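The values are calculated or read from the model by the stated rules, or taken from the named source; none is laboratory data. This structure is a prediction, so every number in the text was calculated from the model and none was measured. Here Cβ is always computed from backbone atoms with ideal geometry, including for glycine, and neighbour counts include all displayed protein chains. We work out accessible area using only protein heavy atoms, side chains counted, and drop any ligands, DNA or RNA first. Shrake-Rupley method; radii C 1.70, N 1.55, O 1.52, S 1.80 Å.
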Amino acid sequence: MMWTRWFRFRSPDDFAAEVESHVAMETERLTRGGMNEDEARYAARRAFGNVTVSREQFREARTGAWFDTLMQDVRYGLRAMRRSPGFTGVAIASFAIGIGANTTMFGTIDTLLLRAPAHVVDADRIHHLYFQTPTPTGTGVAVPNQSYRTYAAVRDGAKSFEAVAAMWPTTVSSGRGNIARPVDAVLATSSFFELLGVRPAVGRFFSPSEERDENEHVAVIGYEMWRGQYAGDRGVLGRAIDVAGVPHIIVGVAPLGFTGVRVNRVDLWLPIGVATRLLDPRATSPTGGQYWLEIVAKRRAQFRAQQVANEVTLIYRDLYRGSPRYEATFAKSEALLAPIVGVRGPRSNAEAKISTWVGGVSLLVLLIASANVANLLLLRGLTRSREVALRLSLGATRGRILRQWLIEGLLLAGAGAVCALIIARWSAAAVQSFLLPQALPGSVLDRRVLGFTAVMALATGLIATLVPALIVARRNFAPLLGTGRTSSSPHGTALQRALIAGQVALASVLLIGAGLFVTSLRNVRAIDLGVDANRVLYVQLDLGPFRTVHHDPNARASANATYLELLERTRRLPGVVHASVTEGAPLAAVSAMAVRRRGAPPLVQGSPVPFWRAVGSDYFATVGTSLVRGRFFTAADHVAGAHVAIVDEATAKQYELANGGLDPCIYLGSDRKCTEVVGVVESTVAWQLTGDRHMVLYMPFEAWPSEAITLMLVRSSGDARELIPALRQLVVSAAPQLPWTDIRPFAEWLAPQLRPWRLGASMFTAYGVLALCLASVGLYGLLSYMVIQRSHEIGVRKALGAPDGRLIGEVLRGAMSMTAFGIAFGVAVALGAGRLISSQLYGISPRDPIVIVLCAGVLIVVTIIACLAPARRATKVDPIIALRAE
Amino acid sequence: MSTKGNRERAALLQGTLDLLILRTLALGSHHGHGIALAIQHSSQGALLVDHGSLYPALQRLEAASWVRAEWGVSDNNRRARFYELTAAGRKQLAKEAGDWRRLSEAVALVLGPEFNGG
């Protein structure tokens, strides 16, 4: 076959053997013809002609020869690398940093934006349905959550879909009492799995009859859970798993890495009918109005997405005809088809945006790293000019030398890429924990990422070597055979200086960003929340669907009793300073109550009203909200029929209450009786950490018998987290029949809100430090080589009596000029771009002078450090040796 | 070494060596030394192949897959590399032989009857 000839190698030894055999046969022939043996051999050799030339011709003509020269170049490159370990180390480190940063980000970006979910077939035809309904006052927001009614209408009415399914991601409690634990689950219709085209690893998915979860209760477990808790035993089929108190038979195991259409891990797949137990008994009935599930559908190949969206829009509008204010709202609803790749939705996703930005910065860092190495290679190329001139004069072609340098560069980039992968393995995990906290671990570094890294290594190796190689190769080498000196300017060419200045500029931009975000984070952390987040825990019992507990008097009474009993026991627990109960969500109340003080005009529609909260005794002491005026509730207030309230400062101000807030008579809602305000407390943070404080009104719990307790709050003497195990034990012993109880410190509720600043601070600091390292390495390299280049000139000057100080000063001046330019440019960019991030900062202006000065200071110090070694080398030049080398 | 004078040896045109080798191998497989002798023999001593230049030609032919080579044992019990014509080689031989014939006919026409024959 023709193509195998490219790889068929005949070794030179084989050819030599053939030649030898030929000569021997000719010798024999001549000997047989009567010649004497020595003469015959001589004659045979002569007849053959020049053996060496023949061998060379064989070598040249060998079609496998390209591989041989490649190996030769590689070996030469490796030798050269070993000979200058300092340079090699720096070059590899630069590449590793640049490529590593990109590999890290690519993994995350790939998962967030590019990758289709695992085990999904035809992912481009599968869509997440979003619906946007305008409100009377606004355009509305696109949301995926819909009612079962909508799902049924789309499933039955939309002809352009091949299949339609519904799903609901949630956390369910498995087990009771002691063994209760939360499990990440997704409730889905049986059509979900068929739609995605996924096949189970073991067993099967649920059938349409099991979907409603009426007679049989089934479940499918995730692969990791199967491996972890059931040790990969195939006998798991048929065993039962407790789901919110009901045993479900396991009928199958999902394949490894399958997470449905989202990124977060899923341990349990349940039939959609389970929602009737978890959420609301009417969740899956056509009359249920709750918006809870998400619709996933597979478009038929012959339709375009927009056509299909139009069809769904019409179905949706039709469905809600007859709703109040239909013309202003549902008549203008729009259906949107979102892709299921990554986390893209019709709304731009914060994590995706951040990742893209950081990815952009990574690319920039990579470019800088390549430029750095290119610079170093250029300098090395210049010092090797003599060697190049010699090789050229011996007959090497420029192409051959270029190729050899290219291979050297690729070797460096390759080594850098390997280091990068090692670094990325662990840094990618760190980045992922920031941006994708619930995604499957280990899903970030895979084949695509490896491929990307290889491409990056190739590209950077090429760029970093080609540019300097071409510059050097174009020079005229003849004059260099003599002295081996170059005639460049004292501190490198303008291009090289500009490169260093550019790196310094990038480092300063990133460091300024880091400073701004770190300060913002500190400011945010220091916000007075009005609540002591570090000491307070909340305990939320799972007593059944919220609606049931709230509306059914018996369920409510039972729930309250449970909480109160638990409260008693908790107060006796060591380490607990205060404990209290309340209704509503942790920290943020959800109900509003109109307030009017006596004599005030009626409220204007749309004016802000305070939220209100029914609190148990000791609430304020537990939570840590301090009193501004008046007093807290006493035992006398915690009785039915009491008409007292405590307001916060914001409410007091808004309603201009008398006595600085301690108004003897305000009207709540439609109540005709006076309510006395007995105390004013500080305003606390509501939903958003940095948002406006909402107005809050507090009332004794006992005065509102129709409220259900939903929360117990506990204040610990030390760190709140230490109390969690003891509390859990207490809950289990007090109420062993309960499923998983949510016990969390307040700080955990806050943590996600701090994320943007933490993210900004970490990213900018990390990249700022990287850029700084690269810039200092580049500077060091440039200065070192320049000193070496000019050692002759320095020697002459020293011989003529130049003081050491002058030489050091020169090196420093050269470095400082580059740094000064870099800082100036960087600061200008930072000031200009400050507008872009000013909305993300807190309590600090993007033009804060302290941060800028600090950053400049850091860069100057680093520059001086980078100068030390080259400056020292300059003073160590021995004038005699330098002069003699001429 | 043959006793014929150097001057009388015809200079081999470029590329004809390939043709001669292919032709020789068409009659049977040989090792390199055998091919050189065969050519010398068949041409009745008029063509003396420079043994050294034989091998690059053989290498070329092998690379083009017109001949196949394998180590074997010669009649004198000596280890040698034997060359054999492939099917593609046979086709190439026919083609090159045809080219050569056309070339020599054209040259003969130019020379005219006074220089031909004789």
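Helices of chain B meeting both criteria, an alpha-carbon length of 20 angstrom or more along the long axis and an average Kyte-Doolittle score not below -0.5, with helices taken as full DSSP H segments, are B:87-111.
Partner lysines whose Cα lies under 20 Å from the Cα of residue A:298, excluding those fewer than 8 positions away in the same chain, are identified as A:159.
When accessible surface is computed with a 1.4 Å probe, chains B and A are found to bury approximately 2200 Å² between them, both chains counted.
The shape of region A:199-311 comes out oblate: with a ≥ b ≥ c from the C-alpha gyration tensor, a/c is at least 1.5 while a/b does not beat b/c. Net charge in the neighbourhood of residue A:252 (other residues with Cβ under 13 Å of its Cβ; Lys, Arg +1, Asp, Glu -1) is +3.
Listed by chain and number, the aspartates and glutamates whose alpha-carbon sits under 16 Å from that of residue A:798, ignoring those within fewer than 8 places in the same chain, are A:810, A:878, A:886. Across chain B, Cα pairs under 8 Å and at least six residues apart give a relative contact order of 25 percent.
Assuming a ≥ b ≥ c are the square roots of the Cα gyration tensor eigenvalues, decide whether region A:823-886 counts as rounded (a/c under 1.5), prolate (otherwise, with a/b larger than b/c) or oblate. Prolate shape, in that a/c is at least 1.5 and a/b is the bigger ratio.
Atom-type composition of the exposed protein surface of chain A places 59 percent of the accessible area on carbon and sulfur (1.4 angstrom probe). Rounded, prolate or oblate: pick one for region A:651-763, where a ≥ b ≥ c are the square roots of the eigenvalues of its C-alpha gyration tensor, a/c under 1.5 means rounded, and failing that, prolate if a/b is larger than b/c, else oblate. Oblate. Per-residue shielding of B:72-78, expressed as the average number of other chain Cβ atoms within 10 Å of the residue Cβ, stands at 2. Counting only residues at least eight positions apart within a chain, or on another chain, the lysines with an alpha carbon under 23 Å from that of residue A:673 are A:653. Dimensions of region B:21-78 from C-alpha coordinates, computed as largest minus smallest value along each principal axis and given longest first, are 28, 28, 22 Å. Counting Cβ atoms of other protein chains within 10 Å of each Cβ in A:19-32 and taking the mean gives 4.
Solvent-accessible area per residue in region A:721-835 equals 44 Å², computed with a 1.4 angstrom probe and all protein chains kept. Mean residue ellipticity, 222 nm, helices only, the protein assembly as shown: the sum of -39500 (n - 2.57) across DSSP H runs of n ≥ 4, divided by residue count and rounded to 500, is -16500 deg cm²/dmol. Ranked by solvent-accessible area (1.4 Å probe, protein heavy atoms only, all chains present), the residues A:42, A:538 order from largest to smallest as A:42, A:538. For chain A, hydrophobic long helices are taken as DSSP H runs at least 18 Å long by C-alpha position along their axis with mean Kyte-Doolittle hydropathy of 0.5 or more; these are A:85-109, A:350-383, A:398-435, A:447-473, A:494-525, A:746-789, A:804-837, A:849-875. Computed over chain B with a Gaussian network model linking Cα atoms closer than 10 Å, the most mobile of B:59, B:92, B:44 is B:44. The largest accessible area among A:694, A:792 belongs to the first residue in A:694, A:792, and the rest follow in falling order (1.4 Å probe, all chains).
Using heavy atoms of the protein chains and a probe of 1.4 Å, the accessible area assigned to residue A:230 is about 30 Å².
A simple packing score, the average count of other Cβ atoms within 10 Å per residue, orders the peptides A:559-571, A:615-627 as A:615-627, A:559-571, with the highest score first.
Calculated from the alpha-carbon coordinates, chain A shows an Rg and a Dmax of 38.0, 144 Å respectively. For a 4.7 Å threshold on C-beta separation, the list of partnerless cysteines in the protein assembly as shown reads A:419, A:773, A:855, A:867.
Based on protein heavy atoms only, region B:39-118 ends up with 63 Å² per residue of surface accessible to a 1.4 Å probe.
Taking the Cα centre of the protein assembly as shown as origin and assigning +1 to Lys and Arg Cβ atoms and -1 to Asp and Glu Cβ atoms, the resulting dipole is close to 2700 debye. Averaged over peptide B:43-51, the number of partner chain Cβ atoms lying within 10 Å of each residue's Cβ comes to 2.
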